[in-house]
Amino acid sequence: MTKFLQKENNTSAWELTALWYPEEALSPQNENGVRKVLGKKQRKLRPIPTINRKLWNTVEKVGVWVNVRWVFLVMRLVDAGMRKRNLEFRAVHLRNLENFLRWIAYNSDAVTGCINVSLLCVEIHREIGVSKSTIYLMIKELVIMRVLVDAEWSGQGCQDILHGGCLPRTLCATPLFYELMDIDNAELKRLRTYETERRCEKKAKSYDAEGALRKYCENNIRRVWEHRHTQKNSSYRVKLSAMTPLSRLA
């Protein structure tokens, strides 16, 4: 599958980015500042949700391109005008997409599928070693392929009238993403139910996934507004969080 998606004769001068690994899988820096991938027995595993652990184990064992449906999903990019006649990616871009998918598998929220609970979409570029323009392009591709989708309360398309810019997106992995990683709908529902029950026990109250996702969206929007309000060249320097709800609305 990888050979099909990757161009055979890649004349690009760009070097491939190293495969992305979470902190738990990397050794401390040596004298040359290099970190090596640890063997599985040497790792101190973080207590991440079961669904993320299963996703990561699958990704690390067999990669992200094993599902034959990727070929048909790339056709959607052709139909959308983002690619011309071929289905092949340059090796560099294929590796960047792979690292993005690996990052999503490990870091996405187990219940809602939200990929940017603690980071804005643009901030993920530093995590996987790509430029801002590249992360935006990959997000656009994965949304067109329906691997990612905007959350209901996402800031996409909402205009920040104070600064004339678009508010940040909050994106979620779709059931298709999990299918591509060998988790069907029945297993996805079972794993999410388990994680929801675990969170209820931990907080000693019911867990509202819809309310949590809405909160993620609101936090992402507020972070950007507050950043813009504190810039030296902005005439809006008061923090939104310090304003009363009525003042904020005005």
Can you tell me the length gained on complete extension of the stretch Glu127 to Arg198, counting 0.36 nm per residue apart and subtracting the Cα distance?
22.7 nm
For Lys132, give me every one of the aspartates and glutamates with a C-alpha distance below 17 angstrom, ignoring sequence neighbours fewer than eight places off in its own chain.
Glu98, Glu123, Glu141
Can you work out the accessible area per residue across segment 34-228, with the rest of the protein chains kept in place, probe 1.4 Å, in square angstrom?
53 Å²
Within segment 66-125, report the trypsin sites (Lys or Arg not before Pro) that DSSP leaves as loop and that have at most 12 other Cβ atoms within 10 Å.
Lys84, Arg85
Please identify every one of the GluC sites (Glu not before Pro) in segment 11-54 that sits in a loop by DSSP and has no more than 16 other beta carbons within 10 Å of its own beta carbon.
Glu15, Glu31
State, as an integer percentage, the relative contact order of segment 34-228 based on alpha-carbon contacts under 8 Å between residues 6 or more apart.
23 percent
Each label point is 7 Å from the Cα along the Cα-to-Cβ direction; what then is the distance between the points at Arg223 and Lys205, in nm?
2.4 nm
Percent accessible area from carbon and sulfur atoms, segment 34-228, protein chains only, probe 1.4 Å:
51 percent
Beyond 26 Å (Cα-Cα) in this structure, taken from Lys84/Lys140; Lys44/Lys202; Lys54/Lys202; Lys41/Lys140; Lys41/Lys61, we find Lys41/Lys140
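The values are calculated or read from the model by the stated rules, or taken from the named source; none is laboratory data. Everything numeric here is computed off the predicted structure, so don't read it as measured data. Please note: Cβ atoms are built from the backbone with ideal geometry, for glycine as well, and neighbour counts cover all protein chains shown. With ligands, DNA and RNA removed, areas are computed over all heavy atoms of the protein, side chains included. Shrake-Rupley method; radii C 1.70, N 1.55, O 1.52, S 1.80 Å.
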